[in-house]
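A quick write-up on the structure given underneath.
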Amino acid sequence: MKKTLLIIVCFTIISIGLTWFWNEFARESYADLLKTVAPPIYKLIGFEGARVGALRERYINFVPFVSLLLVTPGLTLKRRSIGLVLGLFTIFVSHLALNLTELLQPGRSLPAIPSVLSDAFPFFVWIFVAYPVLAKFLPVASEPPSSNGTNGTNGTDP
Amino acid sequence: MSTAEKTPEPGHRLRNLRANPQLRYPVLMVAYLVVGGSLFKYGLENFADTVEAIDRITAIIVHHFIGLFTDLTTRRDAIVTLDGFAVAIIIECVGLLEMVIYSACVLAFPAPLRAKLWGVPLGCAAIFGFNVLRITTLLIVGRYQNDYFDFFHIYFWQATLIAMIVSVLYGWIKLFVHR
């Protein structure tokens, strides 16, 4: 209980710090980075002229990823560091992709499904990076596959 | 052990990959998110009255919750005020997107169906509760520390959305899956 509370407190402090840092310093720089980097990438993959939404509020989704990864107990320093770098890069790529979804539904706001996926994206990345720790929560993680090739969970999934 | 035993057949490899929870869970989650996101979008476009009712009900609950601590609160339709500072509650504020994400997390999780049937409504209720707290803190910040309102509204709570979902999910796993 005490440990869980400590994790929540650490998560909150890191989130406030990162959010403040993003709001005060990083947001404008990130917008400049996107404006520089995104157009040539879009051109390269055949979406020349796609609009770069450089100041979207959804770009802040890196904060929960970093906070979650930093407070997840039991990860090795190597996995945490490499996961942080690769995770942030993946989230950056997801921002580039999120911009392109605007082409599906031109208008003031982004389409609903990409928005939901974007909000949940840090969670996916965290699952991959923190999997050695999270596997403990999966009831089947430690069980060997059964003889019919299933992991024993298929019957319970809808 | 023979070479044939060491190298699994492609079909077997595919089955193993599909059974791998590290891959299976996020893939299933994406599938549920696409379904949930589509339903959410359909609901927004076709059930305007229901959407307004949800906004209003949320406003009523927030108003009553704040009313437990102070008389300085009023409400009109989906607008709640605290000592003159007003917030309008719109559908993005009521936590439905968070509930969609949380429900996808629960449905994709390898747990008994019974646990999922309990987990989705109870978790959504918990997220709704968190959201009432979120709106309340926004009213307090807006009223007493107005300079920080945008910071909390646009950035901080957006950033903690995943934490809210992970906390409720963790509680569900502890209470219903690993009992």
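Evaluated against (1) away from every other protein chain (no Cβ under 13 Å); (2) open to solvent by 50 Å² or more (accessible area, probe 1.4 Å); (3) modelled with pLDDT of 85 or more, residue A:48 falls short on exactly one condition, (3).
Checking the condition open to solvent by 20 Å² or more (accessible area, probe 1.4 Å), at pLDDT below 95 and over 19 Å from residue B:175 (Cβ atoms), which residue from B:73, B:81 passes? Talk me through it step by step, then tell me what you get.
Details: B:73 fails: open to solvent by 20 Å² or more (accessible area, probe 1.4 Å).
So the residue among B:73, B:81 that is open to solvent by 20 Å² or more (accessible area, probe 1.4 Å), at pLDDT below 95 and over 19 Å from residue B:175 (Cβ atoms) is B:81.
Give the residues of segment B:128-156 that are modelled with pLDDT under 90 and touching a Leu at 6+ places or on another chain (Cβ under 9 Å), sorted by residue number. Once the filter is applied, which keeps residues that are modelled with pLDDT under 90 and touching a Leu at 6+ places or on another chain (Cβ under 9 Å), segment B:128-156 yields B:149, B:152, B:153.
Only residues that are among the aliphatic types (A, V, I, L, M), closer than 30 Å to residue B:86 by Cβ and open to solvent by 10 Å² or more (accessible area, probe 1.4 Å) were counted in segment B:120-131, giving 2. Please verify whether residue A:51 is of a type in the set (D, E, K, R), closer than 25 Å to residue A:113 by Cβ and touching a residue at least 40 places away in the same chain (Cβ under 8 Å), treating the condition exactly as stated. Taking the combined requirement at face value, the residue satisfies it.
Could you count how many residues in segment B:11-44 are open to solvent by less than 30 Å² (accessible area, probe 1.4 Å) and either in contact (Cβ under 8 Å) with a residue 12 or more places away in the chain or under 24 Å from residue A:129 (Cβ atoms) (or both)?
8
Output yes when any residue across segment B:45-61 is outside any helix (DSSP H, G or I) and open to solvent by 50 Å² or more (accessible area, probe 1.4 Å), and no when none is.
So in segment B:45-61, the residues outside any helix (DSSP H, G or I) come out as B:47.
Next cut, open to solvent by 50 Å² or more (accessible area, probe 1.4 Å) only: B:47.
The answer is yes, given that some residue of segment B:45-61 is outside any helix (DSSP H, G or I) and open to solvent by 50 Å² or more (accessible area, probe 1.4 Å).
Per-residue answers, yes or no, for (1) closer than 18 Å to residue A:137 by Cβ; (2) open to solvent by less than 50 Å² (accessible area, probe 1.4 Å):
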position	(1), (2)
B:109	yes, yes
B:118	yes, no
B:142	no, yes
B:145	no, no
B:151	no, yes
B:154	no, yes
B:172	yes, yes
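Can you confirm whether residue A:101 is surrounded by 13 or more Cβ atoms within 10 Å (Cβ to Cβ) and within 17 Å of residue B:161 (Cβ to Cβ)? Show your work before the answer.
Numbers: surrounded by 13 or more Cβ atoms within 10 Å (Cβ to Cβ): yes; within 17 Å of residue B:161 (Cβ to Cβ): no.
Taking the combined requirement at face value, the residue does not satisfy it.
Considering only segment B:105-124, state which residues are at the interface with chain A (Cβ under 7 Å from one of its Cβ atoms) and in a helix (DSSP H, G or I). Across segment B:105-124, the qualifying residues are B:107, B:113. Within the span defined as segment B:85-101, one or more residues are surrounded by 14 or more Cβ atoms within 10 Å (Cβ to Cβ), more than 27 Å from residue B:119 (Cβ to Cβ) and β-branched (Val, Ile, Thr).
The values are calculated or read from the model by the stated rules, or taken from the named source; none is laboratory data. Everything numeric in this text was worked out from a predicted model, so none of it was measured. Glycine also receives a Cβ, built like all others from the backbone with ideal geometry; neighbour counts cover every protein chain displayed. The area values use the complete protein model at the heavy-atom level, side chains included, leaving out ligands, DNA and RNA. Shrake-Rupley method; radii C 1.70, N 1.55, O 1.52, S 1.80 Å.
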